[in-house]
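The values are calculated or read from the model by the stated rules, or taken from the named source; none is laboratory data. No experiment lies behind these values; they were computed from the predicted model shown. Don't worry about glycine lacking a Cβ; one is built from the backbone with ideal geometry, like all the others, and counts go over all protein chains shown. For the accessible areas, the whole protein counts, side chains as well, though only heavy atoms, and no ligand, DNA or RNA atoms are used. Shrake-Rupley method; radii C 1.70, N 1.55, O 1.52, S 1.80 Å.
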Amino acid sequence: MTAALQIEGLKKTYDNGFVALQGIDLTVEPGDFFALLGPNGAGKSTTIGIISSLVSKSAGKVSVHGVDIDQNFPLAKTHLGLVPQEFNFNVFEKVEDILTNQAGYYGIPRNDALRRTEHFLERLGLTEKRDTRARMLSGGMKRRLMIARALIHSPKLLILDEPTAGVDIEMRRSMYDFLREINAAGTTIILTTHYLEEAEALCRNMAIINHGKIVTNRSIKDLLRDLHKEVFLLDCAGQLDSGLNVPGFDLEVLDDHTVQVAIEKGQDLAEVFAALHQKNIAVVSMRNEANRLEQMFVNLLEQTA
Amino acid sequence: MNRYEQYVAFMTIMRKEIRRYLRIWSQTLLPSAITMSLYYVIFGNLIGSRIGTMGGFSYMEFVVPGLIMMAIVTNSYANVVASFFGAKFNNSVEELLVSPIPPYIILCGYVAGGVSRGILVAVIVTAVSLFFTRLPIYSPLLVILVVALTSILFSLLGFINAVFANTFDDINIVPTFVLTPLTYLGGVFYSLDLLPDFWAAVSQANPLVYVVSAFRFGMLGVSDVNIAFAIGMILLCVLAAFSYSLHLLRTGKRLRT
Ligand SMILES: Nc1ncnc2c1ncn2[C@@H]1O[C@H](COP(=O)(O)OP(=O)(O)OP(=O)(O)O)[C@@H](O)[C@H]1O
Ligand SMILES: [Mg+2]
């Protein structure tokens, strides 16, 4: 199956010499709901800018639904809907005109464009504001206007760059519902966010990006499981066998006297002690070790704050 | 995009452009109507009556074609430079850049907007001029051709200006310091015959001379320069400006990072 988005070795050095992306690999499968998580300045918007042609890449390959942007960017663009981080509509235009025009830019005939405008005004709760100039909308409405605009040509892949910035909790919830719904209807969604909770609430897979590099890329389930593991270091008397294991537990012998064990939710450390006891291994002392992944999140969050 | 989709995209941009200047008509259509009426009154009636004939026509008849051209030049330029720079300034140009529209369609859409405003204002100031004088039309075909080429040319120049502009001041610099002087020195108000040989020769380097002369020839049948040559020069400028604009748009200069 062709990936909805395939990125290989993507690099970006801005004109001022700043290296924003140091070689990114990313694959998003069709139908996925994918989060790109990272602190300020990680390179999220740069990556999205490249996919949508607003930023030129320095190296690497990008394809959208199997269409290489170097081969046929216009075709790749028809598959893509973009909700940028910053408002980028003409604030003097009316809400409905912004939508109808955008449809026209994708070659959708006017009658159809008007019909789609109607539909998305309704779906995003903007029908009452159709005649309002965009500058008179509230921040959350502007955000919804950009979502409607991104969907007007029925893209297969929707990319949202921090869609919930400046959106209140209630609105956020209804936005989540809406995104889940269009994802269920078949649209692949990628969103960027600073918040693990947001990724957790919405997405199936995620990548964490920092300093222009992908730090980790896997399913949210796996990640959360790892994140919630408690890690202990057990100092043991006597020589440890490097092949030591306890069925059902994540055990790692670090040196002759130390074994590391990661406990998931629902597992009991006492079972490990019992198993070791049976093998005639005496535990002398025990330390709680910081979870590496958790540590990373703390670091990321500190950087974001 | 197939041909039809490109046509739809073109019409969308053009419609948006037309609605923009109609919406703010008091800034886009009215000023030229007022300025030109003042010119008609002052140069045509008050002063013109003392000047006598120029090129075999009353001064009013002589000056009206030049003023109409001036309105077309100013308005087509102003429309594209203001609109495209505005789109760049508020980033709404990104709506076009992320869409699959080919660059030449974007360019044609903006130019069509500029051309339509140039022509609309021309019609208005022509209508006003009829209160002051009668207007002969020597060659309707030539009139149409010159109006079309001129408004296309100055729409393109406005586009180039918008691409390079960083501030709202930058979109006034060229009109104020280049366009206006060249128009005034381009034979709108006088026949080049009046100039000493040296300055008449220098004037040949001013593209506005060809525009004004060719248009006046279309109306009155008299001209300061060879018409075929003038049309050739305008056409050359249009081609050069179009290629350069398209190059700017394709490479995304100052539009993409
Ligand atoms: N036009 C530019 N010229 C030079 N450097 C830039 C440019 N745009 C972005 N950068 C730099 O590239 C890095 C990545 O920026 P980017 O906008 O991609 O981050 P981000 O992950 O989207 O951050 P945020 O969460 O704050 O939106 C930042 O250090 C930024 O300063
Ligand atoms: Mg960003």
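Could you tell me the distance between the Cα centroids of the range B:180-245 and the range A:71-94, to the nearest Å?
Cα centres, the range B:180-245 to the range A:71-94: 42 Å.
In the range A:99-124, which residues give up 50 Å² or more of accessible area once the other protein chains are added, compared with their chain alone (1.4 Å probe)?
Correct list: A:Tyr105, A:Tyr106, A:Gly107, A:Arg110.
Given the convex hull over the Cα atoms of the range B:9-48, what projected area results after averaging over all orientations, in nm²?
On the way: hull surface 13.3 nm².
Result: 3.3 nm².
Report the far tail of the P(r) of the range A:47-184, meaning the percent of Cα-Cα pairs longer than 25 Å.
Of the Cα pairs, 27 percent sit more than 25 Å apart.
From the P(r) of chain A, can you give the percent of Cα pairs sitting at distances over 33 Å?
When every Cα pair of chain A is considered, 38 percent fall beyond 33 Å.
Any chance you could check the range B:85-102 for residues losing 40 Å² or more of accessible area when the partner protein chains are in, compared with the chain on its own (1.4 Å probe)?
Flagged in the range B:85-102: B:Asn90, B:Glu94, B:Glu95, B:Val98, B:Pro100.
Quick check on chain B: what does the Kirkwood estimate of hydrodynamic radius come out to from the alpha carbon pairs, in Å?
18.9 Å
Taking 8 Å as the Cα distance limit and 6 or more residues as the minimum spacing, I'd like the relative contact order of the range A:1-52 as a percentage.
Once divided by the residue count of the range A:1-52, the mean separation gives 33 percent.
Limiting things to C-alpha atoms, what are the Rg and the maximum Cα-Cα separation (Dmax) for the range B:48-120, in angstroms?
18.7, 59
Nearest 0.05, what FRET efficiency do A:Thr2 and B:Lys253 give at R0 = 45 Å with Cβ-Cβ as r?
0.85
So what's the Cα pair-distance distribution over the protein assembly as shown, bin width 10 Å, in %?
3, 15, 20, 18, 14, 11, 8, 5, 3, 2, 1, 0, 0
Express the accessible area of chain A per residue in Å², computed with a 1.4 Å probe while the remaining protein chains stay in the model. Don't skip to the end; give the middle numbers.
Values: 14310 Å² over 305 residues.
Heavy-atom SASA per residue in chain A reads 47 Å².
Using θ = phi - 60° and the Karplus form 6.51 cos²θ - 1.76 cosθ + 1.60, what ³J(HN,Hα) does each residue of the range A:19-29 get, whole Hz, x for Gly and Pro?
So the Karplus estimates, Gly and Pro as x, are 8, 8, 10, 9, x, 10, 10, 7, 10, 10, 7 Hz.
How much of the accessible area of the range B:185-257, in percent, comes from carbon and sulfur atoms when a 1.4 Å probe is used?
Numbers: 2390 of 3500 Å².
Taking all protein chains in place, the range B:185-257 shows 68 percent carbon and sulfur surface.
HN-Hα J couplings of the range B:163-178 from phi, Karplus 6.51/-1.76/1.60, θ = phi - 60°, integer Hz, Gly and Pro as x?
4, 8, 5, 10, 10, 5, 4, 4, 8, 9, 4, 5, x, 6, 9, 10
Report the charge-dipole magnitude of chain A in Debye, nearest 20, computed about the Cα centre from +1 at each Lys and Arg Cβ and -1 at each Asp and Glu Cβ.
Values: 33 positive and 40 negative charges, 298 e Å.
Here the size comes out at about 1420 debye.
Along the range B:23-36, what does the Karplus equation 6.51 cos²θ - 1.76 cosθ + 1.60 (θ = phi - 60°) give for ³J(HN,Hα), rounded to whole Hz, x for Gly and Pro?
4, 10, 4, 6, 9, 10, 9, 5, x, 5, 4, 6, 4, 5
At a 1.4 Å probe radius, which order do B:Phe57, B:Phe62, A:Phe18 fall into by accessible area, largest first?
Largest accessible area first, the residues go A:Phe18, B:Phe57, B:Phe62.
Are there residues in the range B:13-48 whose accessible area shrinks by at least 10 Å² when all protein chains are included rather than the chain by itself, and which are they (probe 1.4 Å, ligands and nucleic acids not counted)?
Relative to the lone chain, where solvent access is computed with a 1.4 Å probe, the range B:13-48 loses at least 10 Å² at B:Arg15, B:Lys16, B:Arg19, B:Arg23.
Going down the list A:Lys77/B:Lys253; A:Lys142/A:Lys229; A:Lys129/A:Lys213; A:Lys142/B:Lys88, which pairs span over 30 Å between their C-alpha atoms?
Violating the 30 Å Cα-Cα cut-off are A:Lys142/A:Lys229; A:Lys129/A:Lys213.
Against the empirical 2.2 N^0.38 Å scaling, what ratio does the C-alpha Rg of the range A:84-127 come to?
The reported ratio for this selection is 1.15.
Suppose only helical runs count, i.e. DSSP H with n ≥ 4. What mean residue ellipticity at 222 nm does that imply for the protein assembly as shown under -39500 (n - 2.57) per run, divided by all residues and rounded to the nearest 500 deg cm²/dmol?
Details: 23 runs with 293 residues, N = 562.
Computed ellipticity for the protein assembly as shown at 222 nm equals -16500 deg cm²/dmol.
Distance between Cα centroids, the range B:39-85 to the range A:113-133: provide it in whole Å.
So the separation of the two Cα centres works out to 46 Å.
Report the calculated FRET efficiency for A:Val284 and A:Ala201 (r = Cβ-Cβ distance, R0 = 30 Å), to the nearest 0.05.
Computed FRET efficiency for A:Val284 and A:Ala201 comes out at 0.10.
Along each of the three principal axes of the Cα atoms of the range A:228-290, give the extent in whole Å, ordering the values from largest to smallest.
31, 23, 19
For chain A, find the longest principal axis of its Cα atoms and tell me its angle to the long axis of helix A:69-78, 0 to 90°, nearest 10.
So the inclination is approximately 70 degrees.
What percentage of all Cα-Cα pairs in the range B:15-93 are separated by more than 19 Å?
Across the range B:15-93, Cα pairs with separations above 19 Å total 50 percent.
What does the buried accessible surface come to for B and A, summed over both chains, with the probe at 1.4 Å? Round to 100 Å².
In total, this chain pair buries about 2400 Å².
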